[in-house]
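In what follows, a single structure is set out as structure tokens and then discussed.
The values are calculated or read from the model by the stated rules, or taken from the named source; none is laboratory data. Computed from a prediction, not measured in an experiment: that's the story for all the values here. Cβ sites come from the backbone with ideal geometry, for glycine too, and all protein chains shown count toward neighbours. Note: areas computed on protein heavy atoms with side chains; ligands, DNA, RNA excluded. Shrake-Rupley method; radii C 1.70, N 1.55, O 1.52, S 1.80 Å.
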Amino acid sequence: KPCPLCDEAKEVLEPYKRRFILQEVDITLPENSAWYERYKYDIPVFHLNGKFLMKHRVDIQKFEDQLRKVELQSG
């Protein structure tokens, strides 16, 4: 913190919040050191259902496509 890119990403994702659960991970906490080592230069990073999706900024088209696929699989 602060993380302006994280704040920006959350704003972009806001209209979709009823369609997924956002789980934020603070990679600076000791228990998240593995994530820190992996992504310290790439925040924010987005995973969807445990799989890497994108980093740095929200690619809204990619996000919508992948979210739709997940919804179809679980629906």
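Given their separation in residues at 0.36 nm each and the Cα-Cα distance between them, K40 and E64 gain 6.1 nm when the chain is fully extended.
In the elastic network of the chain, a GNM with C-alpha springs shorter than 10 Å, the most mobile of F20, F46, F63 is F20. Compared with the dominant Cα axis of the chain, that is its longest principal axis, helix 60-74 is turned about 60°.
Express the carbon and sulfur contribution to the solvent-accessible surface of the chain as a percent, rounded to the nearest whole number, probe 1.4 angstrom. Please list the in-between numbers first.
On the way: 3140 of 6080 Å².
Here carbon and sulfur together make up 52 percent of the probe-accessible area.
The residues of the chain expose on average 81 square angstrom of accessible surface per residue, using a 1.4 Å probe on protein heavy atoms. Remark: the range 4-73 carries a charge dipole of roughly 300 debye about the Cα centre, counting +1 on each Lys and Arg Cβ and -1 on each Asp and Glu Cβ.
Helix 4-13 and the longest principal axis of the C-alpha atoms of the chain enclose an angle of approximately 10°.
Express the relative contact order of the chain as a whole percentage, based on alpha carbon pairs under 8 Å and six or more residues apart in sequence. Working shown, then result.
Values: 40 pairs, mean separation 19.1, N = 75.
Reported as a whole number, the value is 25 percent.
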